[in-house]
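This report refers to the structure that appears directly beneath it.
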Amino acid sequence: MLRRLVLIVVLLGALVGLAAVWGGTLPVGHRAAVSAHISRTPDVVFDALADFQGSLAWRSDITGIERVADRDGKPVWIEQGSHGPLPLEVTASEPPHRLLLTILPGADLPFEGAWTFLLAPEAEGTRLTVVEEGRVPSPLFRALGKLFFDEHATMRTYVQELGRHFGEVTVVAEVPAP
């Protein structure tokens, strides 16, 4: 019995070690993007994106938002959700064309990064493109991410829920990151 337990522990350790070695060969950073047409003007879409407190009504991945003190004059808040507390900063805001949200350093998360929302008028509405620039410092988490996670999934869900907020079904496509 003890030999089997030791063998299982050794095999699990070897598996984790191999995953970490493989993860070390994967890039630390990535860029991914999704795009969709929203049947509202860029002003209306931008206002919904920038209304962080109001997004509690339409986003399924968050359970709370706490506005905290600005950082260097930039708005900061903490989203509560499945990843735990996520401190975000509005790094750039150019209504109604561009909004850049950055995860603040010091968050106890296995990832870092930013989302850029790009809005352009299009056929009685808005072409919304969301670009994720992410970093996963841990080789083990890079390997697990490659095996089990879709880097577009969170953005796709976000944009679909935004569309539902406006009463429409939104078709979200993966696109090359600009």
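The values are calculated or read from the model by the stated rules, or taken from the named source; none is laboratory data. Please read all numbers here as calculations on a predicted model, not as lab measurements. A quick note on method: Cβ atoms are made from the backbone with ideal geometry, for glycine too, and the neighbour counts reach across all protein chains shown. Side chains included, ligands, DNA and RNA excluded: accessible areas come from the protein's heavy atoms. Shrake-Rupley method; radii C 1.70, N 1.55, O 1.52, S 1.80 Å.
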The range 56-73 residues that are small (Gly, Ala, Ser), paired with ones that are open to solvent by less than 90 Å² (accessible area, probe 1.4 Å) (beta carbon under 6 Å, 6 or more apart): 64/80
Count - residues of the range 17-46 that are in contact with a Gly (Cβ under 9 Å, 6 or more places away or on another chain) and open to solvent by 10 Å² or more (accessible area, probe 1.4 Å): 9
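Residues checked against (1) more than 16 Å from residue 33 (Cα to Cα); (2) under 17 Å from the mean Cα position of the chain (by Cα); (3) of a type in the set (Phe, Trp, Tyr):
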position: 55; (1), (2), (3): yes, yes, no
position: 63; (1), (2), (3): yes, yes, no
position: 81; (1), (2), (3): yes, yes, no
position: 84; (1), (2), (3): yes, yes, no
position: 98; (1), (2), (3): no, yes, no
position: 107; (1), (2), (3): yes, yes, no
position: 118; (1), (2), (3): no, yes, no
position: 138; (1), (2), (3): yes, no, no
position: 156; (1), (2), (3): no, yes, no
Selection from the range 94-114 of residues that are in contact with a strand residue (DSSP E or B) (Cβ under 6 Å, 6 or more places away or on another chain) and of a type in the set (A, V, I, L, M): 99, 100, 101, 103, 104, 107, 114
Test: residue 173 is within 16 Å of residue 44 (Cβ to Cβ), in contact with a Ser or Thr (Cβ under 9 Å, 6 or more places away or on another chain), open to solvent by 20 Å² or more (accessible area, probe 1.4 Å) and modelled with pLDDT of 95 or more: no
Extreme residue, least open to solvent (accessible area, probe 1.4 Å), among residues of the range 109-147 that are at pLDDT below 90 and of a type in the set (Gly, Ala, Ser): 143
